[in-house]
Amino acid sequence: MPEIRAVIADDEAAARTELRLLLAAETGIQVVAECGASVQAITAVQTLKPDLLLLDTQLPDSNSLHVLTSIPVAERPIVIVTSRHDRDALRAFEAGALDYLVKPLDRQRFRAAIQRTREELLIAHDRHLTRRLMSLLAGVKSESRMDKRLVVKSGGKVILLTMDEIDWIEAAANYVRLQAGEQSYLMREGIGRIANRLDPSQFVRIHRSIIVNVGKIKELHPCNRGEYMVILQDGKELSCSRSYRARLQELITSWVSKV
């Protein structure tokens, strides 16, 4: 994890020194600024973009809650509030502080707050990497060939499904549901757009809301009105409507001729 960049905001020089020494005893933390007033603290946060702000409740030109609310949430670092009393604790937490430490500072309590800071930053770092990865993967489009994989999110993870893993796809409002063995995944994309990304020699639309992997088909059972019941290798039954029957027959014939 990258080094934690911290700003100290306290009107008392002795308190700033104490906080600096406590931070120096921790690994991977750099103090990038010390401020004695709220205006200085706000400026330091906006210009230096620190990861952590140690903020005293009583600054000479304002208070900590003003500093917190003056910084947009998207630009706000993790904030640990320090004070000589606990009367502002609830308001500090409501304003978004991670922790509230009462002076004189207890070393163990301070270390616990720093550990919480590390954990929060790690979560935020992982979340940022996931968003970047999803953005990069979503942007990788091949103009000369069909997609070889589909990118989905499940349980906070990014999963790349190969086309051979996908059994069938079903429309679900503004999403599509991808069935891959016993696993099911949702993608925020219309079935028409998904169909355009699939290899037409491997996938066929058998219904306006269903696409099937031809390689997963085990049996075809003729039904009434020229429809088929498509039986997959895992026993799943899917209905092929009459309007999509010709394309299914054409693709099945193509596959059989290759055997």
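Just so it is clear, none of the values below were taken in a lab; they were calculated from the coordinates. Please read all numbers here as calculations on a predicted model, not as lab measurements. Backbone-built Cβ (ideal geometry, glycine too); neighbour counts: all protein chains shown.
Things worth noting here:
- Here the Karplus curve 6.51 cos²θ - 1.76 cosθ + 1.60, taken at θ = phi - 60°, turns the phi angles of region 195-208 into couplings of 4, 5, 8, 9, 5, x, 7, 10, 10, 9, 7, 10, 7, 4 Hz, with x standing for Gly and Pro.
- Separation of region 26-79 from region 204-239 is 62 Å, based on Cα centroids.
- Förster radius 22 Å - calculated FRET efficiency between Lys236 and Lys148 (Cβ-Cβ, nearest 0.05): 0.35
- Note on region 149-257: Cα Rg divided by 2.2 N^0.38 Å, N the number of residues, gives 1.05.
- Diffusion constant of region 4-136 at 20 °C, which comes from Stokes-Einstein with the Kirkwood Cα-pair radius and 1.002 mPa s, µm²/s: 143
- This structure gives mean projected area of the Cα convex hull in nm², computed directly, and of (i) 17.7; (ii) 19.8; (iii) 12.7 that value is listed as (ii).
- Percent RCO, i.e. relative contact order, over the chain, from Cα pairs under 8 Å lying at least 6 residues apart: 9
- When only Cα pairs below 8 angstrom with a gap of at least 6 residues are kept, region 149-257 shows a relative contact order of 17 percent.
- Distance distribution P(r), region 20-67, all Cα-Cα pairs, bin width 5 angstrom from 0: 5, 21, 30, 21, 17, 7, 1 percent.
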